1. For the stretch 273-295, state whether one or more residues are closer than 18 Å to Asp232 by Cα and not in a strand (DSSP E or B).
2. Test Val286 against the criterion of being surrounded by 14 or more Cβ atoms within 10 Å (Cβ to Cβ), over 22 Å from the mean Cα position of the chain (by Cα) and closer than 30 Å to Gln331 by Cβ, and give yes or no.
3. Which ones in the stretch 83-101 are open to solvent by 30 Å² or more (accessible area, probe 1.4 Å) and either part of a loop (DSSP other than H, G, I, E, B) or touching a strand residue (DSSP E or B) at 6+ places or on another chain (Cβ under 8 Å) (or both)?
4. Taking Val344 and the conditions (1) aliphatic (A, V, I, L, M); (2) surrounded by 19 or more Cβ atoms within 10 Å (Cβ to Cβ); (3) assigned to a strand (DSSP E or B), which numbered condition does it fall short on, given that it satisfies the others?
5. Output the qualifying pairs, or none if there are none: Cβ atoms under 8 angstrom, residues six or more apart or on different chains, first residue in the stretch 337-349 and within 30 Å of Val226 (Cβ to Cβ), second residue open to solvent by 70 Å² or more (accessible area, probe 1.4 Å).
6. Within the stretch 317-339, restricting attention to residues that are modelled with pLDDT of 95 or more and of a type in the set (Val, Ile, Thr), which residue is surrounded by the fewest Cβ atoms within 10 Å (Cβ to Cβ)?
7. Of the residues that make up the stretch 242-254, is at least one touching a residue at least 24 places away in the same chain (Cβ under 8 Å), open to solvent by 50 Å² or more (accessible area, probe 1.4 Å), outside any strand (DSSP E or B) and under 30 Å from Met334 (Cβ atoms)?
8. Cβ-Cβ distance below 8 Å, separation of 6 or more or different chains: which pairs start in the stretch 192-209 with a residue that is in contact (Cβ under 8 Å) with a residue 24 or more places away in the chain and end on one that is assigned to a helix (DSSP H, G or I) and exposed (fewer than 14 other Cβ atoms within 10 Å of the Cβ)?
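The values are calculated or read from the model by the stated rules, or taken from the named source; none is laboratory data. These figures come from a predicted structure and were not determined experimentally. Because the Cβ atoms are built from the backbone with ideal geometry, glycine has one as well, and the counts that use them run over all protein chains shown. Heads up: the accessible areas ignore ligands, DNA and RNA and are worked out on the full protein's heavy atoms, side chains in. Shrake-Rupley method; radii C 1.70, N 1.55, O 1.52, S 1.80 Å.
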Amino acid sequence: MKKIMVTIATLAMAVLAGHAQGNAQTEGVPYFLPKTGIRLAVLVEKTTYTPGELAMYGEKYMKLFNTPMQKSTEYRVVAINITDFGTPDSTKHYVAAMDKKHSITDVRLADNGVLLAINANPPKPTQPKNFVPAKAMKPLNPKDFMNQEILSAGSSAKMAELIAKEIYDIRDSRNQLSRGQADAMPKDGEQLRLMLNNLDKQEQALLQVFAGTTVKDTTETIITYVPTKAVDRDVLFRFSRHYGMADKDDLGGAPYYISVEDLHSIPTMQASIDRGKVKDNAGVYVNLPGKVKISVAQEANLRAVIELYMAQFGKTEPLSGELFGKKQFTQMVMNPVTGTIESVKTENVK
């Protein structure tokens, strides 16, 4: 955010803005009103399966049926989160008058030139939260839990037999501890919990040689979308369970559609704020955004839906020049996403 004061450079920009719009030259600060876009955060989970070293013996010794023997990777969309943002609307470029006739002394703009406040301090902008993937667990190494007899087995078949026996012994020990029938029972509940956790860890590591390992990893892809009209099932992106996110033109992926429905609901101006005529206002315009419903679906499966206000689905109104005349001092804060008035305070000037 930046604070704009009257300078030669600012006045020159205002004059150019006036020429660009075909208006008379105006002393003041040029600004934009925003149009509203959405940011779609697509969370994709990648699942990688690696078969165990002794997977072929899983059915014989551990009753593991239909265990995959080939490595595989699959992707799936786990969530689509939608947030809105504001971006300058090039068709709504105005100049806030800063001259002897008006009480505008301070204009605050965002870095992109969108109007944030007049004669007031706008709140600090909120930044979208950064995606932080869950910390990956270090995989267990089955060999760390094998005894010397298993490690020195002369064949894969013998190793599989010994590992299976070890797993069944672990399960038997856990059952005896749980029933309070073990020869050496722990002294308290905490020690029992630690012993059971250790047995679970041993079984999990050794079972990997038969069942294999599955590793999950989640990534985030950001898609920005700025609609200008109602849309019915426009392709937003494509997705393949074999390789994840795909371009809209990649027919190898299943399409995800976005729909934008204009709900034709526009809020009215606050009763305490007068509309003005273009000829007598102070160059201050505001948006009255329209309400829309946005849906994202994969075929008939609705994946995300949200209702929100968007500037480009509403209308723009000039404010009365009296609000910023010399007889009163008006402080106004704008919504940087929709361009509507967040707050306004007016004091008479004596």
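1. There is no residue in the stretch 273-295 that is closer than 18 Å to Asp232 by Cα and not in a strand (DSSP E or B).
2. It is true that Val286 is surrounded by 14 or more Cβ atoms within 10 Å (Cβ to Cβ), over 22 Å from the mean Cα position of the chain (by Cα) and closer than 30 Å to Gln331 by Cβ.
3. Thr83, Asp84, Phe85, Thr87, Pro88, Ser90, His93, Tyr94, Asp99, Lys100, Lys101
4. The failed condition is (2).
5. Short answer, once both residue conditions are applied: Thr338/Tyr309; Thr340/Tyr309; Ile341/Gln270; Val344/Gln270; Val344/Ser272.
6. Filtering the stretch 317-339 for residues that are modelled with pLDDT of 95 or more and of a type in the set (Val, Ile, Thr), the one surrounded by the fewest Cβ atoms within 10 Å (Cβ to Cβ) comes out as Val333.
7. Looking for residues that are touching a residue at least 24 places away in the same chain (Cβ under 8 Å), open to solvent by 50 Å² or more (accessible area, probe 1.4 Å), outside any strand (DSSP E or B) and under 30 Å from Met334 (Cβ atoms), one finds none in the stretch 242-254, hence no.
8. Listed pairs, sorted by first residue: Glu203/Arg171; Ala205/Asp144.
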